[in-house]
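The values are calculated or read from the model by the stated rules, or taken from the named source; none is laboratory data. Quantities reported herein were computed from a predicted structural model and do not represent experimental measurements. FYI the Cβ positions are ideal-geometry reconstructions off the backbone, even for glycines, and counts take in every protein chain you see. The area values use the complete protein model at the heavy-atom level, side chains included, leaving out ligands, DNA and RNA. Shrake-Rupley method; radii C 1.70, N 1.55, O 1.52, S 1.80 Å.
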Amino acid sequence: MSDPFDIDNLSEMDIPFEDNQPPRQPPYLDGLNPPQRQAVETINGPLLVLAGAGTGKTRVLITRLAHILTTNSAYPNQILAVTFTNKAALEMKVRVGAIIGDAVESMYWLGTFHAIGVKILRNHCDLVGLSANFTILDSDDQLRLIKQIVRAEDIDEKRWNPRILAGLIDGWKNRGLLPAQVPKDEAHHYADGKAITFYSEYQARLKILNAVDFGDLILLCLTLFQKNPDVLAEYQRRFRYILVDEYQDTNVAQYLLLRLLAQSHKNICCVGDDDQSIYGWRGAEVGNILRFEKDFDGAKIVRLEQNYRSTTHILGASGGLISANIGRLGKTLWTEKDGGDKITINPVWDGREEARTIGDMIEERQRKGQKLSEMAVLVRAGFQTREFEERFLTLGVPHRIIGGFRFYERAEIRDVIAYLRHIQNPDDSLAFERIINVPKRGIGDATVNKLHAIARQKGCSLARAAEEILAAGELRAKAGNALRTLLDNFIRWRDQAQDGDHIALTETIMDESGYLDMWRMDKSPDSEGKLENLGELLRAMEPFEGLEDFLEHIALVMENSSNDVQDKVSIMTLHGSKGLEFECVFLPGWEEDLFPSKKSLEEHGSKGLEEERRLAYVGLTRAKKEAHIFHVASRYLYGNYTSPLPSRFLSELPADHVDLKPSKSMYGQATEFSEAAPQWTQGYSKPQLDRSRAKGTPPTITRKAAAVSAFKPGERVFHDKFGYGIILTCDGNKLEIDFEKGSVRKLMDSFVQAA
């Protein structure tokens, strides 16, 4: 391979310096700061590059690749470069190519973990029981196969959802476990101890089909190398250098694969940030990056701490927050961008005021010439986007949902709206067809095809065709009974609709149709978010007088939301924001139970809390100049109106970098605060984290004793929004109130007055 920086090959006219001057360094090293350059030029031996947010991680990784190639340390096909997304792999190839030219086309082993796994398995498929033309199942095919196995064993799918088994199998594969290696005590998680047996059957069926799923692409490579040392040795010789991006996001199986491949030469460079490990729910193991030095003797660690993105206040606040985590290697980000605005904390009354305030702030910045594309709203949970979508539509602010559907486009919302549309209009065949077998009630495609044939013949709707076919007795008992029950339900629901309470009607439909139970029984990672969205749908109906008004509103929302404007505000989850950056970031919903997530704390304890804190750190560090945090006094969450406490993360932000904005409508009176809290947190009831580690005990969360309310059960009170009500229970200064308008709410006593 020729070296484009070999001075001996240049003519005199090409040499830009006198004989007594030092040779010019390669131009790709220009502009690198000392730690970045150290990471680029340290090419032999194990290296961990701890790259903080905005510190030029991608540039270092790409420049290091180019440096290895231009110094003739390896040929392009002798480098294994692993990324987590195809987009990242393409960007790496393009940027390396800009430095080294066409030689980048020979980088055969640059790609995602799954892409690399496919190449290895294609080369040695016979050693893992596959043929060269094996297929790769997607998640839908995987679930369909698991359902076949479960049904063959006559398992009650309502009690043991096949999605639960699919999740267990994925989890075991992420940990590098074949069926025989799964701990026996994990079998009880499904079908009374049959989970591992089903896993074995699933793997056997995959071999019969000559197929693999995505988990197999790593797991079978592990099996290949562990059972065939000669093959492993071949790849160890082949890969003279290994580079891994986003190392903090690797799961156990990926980690084991990398360790096997790097055992010989140990020329492995992993780039990542332990403070941005936020994908534990999909198998990522932050411990992989934390134990790098133990795994590779003599490993060097280079910390990239100069941030090129954010201001002093943003880095100071985010750094103070993340320092509360115990499980981290530690680094301190700094920037030459001194000053800037402090991070603002904005207490508001509820989600509507939160969206209204953020909308006003966006319009104000737009009037000053700031582009909408430079602003983003980052939410913890998907259901939060609905308020912002509707507010931005009202204001005429162009926006886009990144990484997901707009609220009313989501499948679960469309399903429930289809029920409502059919109640409003019995001849709406599109709505009827959508939900005729959702949730599954034994009405298959054959029945639907018969209904369509009758509808075409008679010139009527599908619902009328259903009455015709039932009267004729042309359906089998199971399908006929299910269809009759559904039609009877719609008759009863239409009668209820005459009462005018469209919210109660929707609750009845979701309950009696079995739609809520369908998602409650579904244990996939998406199910909780779908239930939250259904709860948010009920809240979205509150401002409307009746069902007709609400359905008309949705139709207009869907129509008005389509435009071709390119300059748009981005709305996305915190998880989806990783790797992005914006001039101005809005962070709504910083409240206990929402953020940090109640589910994460209940299921994972202190480990879950630390991942939630890392997620908060990611959100803050997306901002270049401005970050605005919001929390509310009243939030519709888990099916009820609640009075959430401000997130504990607020009290962990250093006071020097925070500006607490006065609330215009939130607090009727100040509440007590902990003496340990910074001065700016006055008015907050702060959950305290016990960080005692003397005996290695896990952290416990304790709350300051709540004040005793002056109100008593049975008293009549008045609320500005909900009107008059009777107190049912008192828990400290939290009241459960039955309002005369027909709703039960939980509120702080400072929000009501004696009637």
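Stretching Ala233 away from Thr71 to a fully extended chain increases their span by 55.8 nm, per 0.36 nm per residue minus the current alpha-carbon distance. Extent along the principal axes, Cα only, for segment 426-536: 42, 35, 22 Å, with the longest axis given first. By the rule of a C-alpha distance below 20 Å, with chain neighbours fewer than 8 residues away ignored, the lysines paired with Lys266 are Lys294, Lys300. Ignoring lysines fewer than eight residues from Lys173 along the same chain, the ones with Cα atoms less than 23 angstrom from its Cα are Lys119, Lys147, Lys184, Lys194, Lys207, Lys227, Lys523, Lys607. Simple spin-label estimate for Glu409 and Glu153 gives 3.9 nm between the two label positions (7 Å along the Cα-to-Cβ direction from each Cα). Using a cutoff of 8 angstrom between alpha carbon atoms and counting only pairs six or more residues apart, the relative contact order for segment 150-238 works out to 25 percent. Going by a ≥ b ≥ c, the root eigenvalues of the Cα gyration tensor, does segment 274-399 fall in the rounded group (a/c under 1.5), the prolate group (a/b larger than b/c) or the oblate group? Verdict is prolate for segment 274-399.
For the chain, the longest principal axis of the Cα atoms and the long axis of helix 445-458 meet at an angle of about 50 degrees. Listed by chain and number, the lysines placed with their C-alpha closer than 23 angstrom to that of Lys712 are Lys704, Lys721, Lys734, Lys741, Lys746; residues fewer than eight positions away on the same chain are left out. Ranked by the mean number of other Cβ atoms within 10 Å of their residues, highest first, the peptides 334-340, 723-729, 428-434 fall in the order 428-434, 723-729, 334-340. Evaluated at q = 0.20, 0.21, 0.24 Å⁻¹, the base-10 log of the normalised Debye intensity for segment 215-292, with identical point scatterers placed on the Cα atoms, takes the values -0.89, -0.96, -1.14. Neighbours of Gln78 by Cβ distance under 10 Å: Lys/Arg scored +1, Asp/Glu scored -1, total +3.
Number of Lys pairs in segment 335-448 with C-alpha atoms less than 27 angstrom apart, excluding same-chain neighbours closer than eight positions? The partial results should precede the final answer.
Details: Lys337/Lys368; Lys337/Lys371; Lys342/Lys368; Lys342/Lys371.
Eligible lysine pairs with Cα atoms under 27 Å apart amount to 4.
Entry note, the chain: relative contact order of 14 percent, from Cα contacts under 8 Å with a spacing of 6+ residues.
Between Phe544 and Asp338, the FRET efficiency from the beta-carbon distance, with R0 = 56 Å, is close to 0.65. Between the Cα long axis of helix 385-395 and the first principal axis of the chain there is an angle of about 80°, rounded to the nearest 10. Taking 7 Å steps out from each Cα toward its Cβ at Glu583 and Asp140 produces label points 4.2 nm apart. Counting only alpha carbon atoms, the long axis of helix 195-208 and the longest principal axis of the chain meet at about 60°. Averaging 1/r over every pair of different alpha carbons in segment 77-206 and inverting the result gives a Kirkwood radius of 17.3 Å. Highest mean packing first, where packing is the average number of other Cβ atoms within 10 Å per residue, the peptides 279-290, 359-370 line up as 279-290, 359-370. Ligands, DNA and RNA left out, the 1.4 Å accessible surface of the chain is 48% carbon and sulfur atoms. Once the convex hull of all Cα atoms in the chain is built, its volume per residue stands at 220 Å³.
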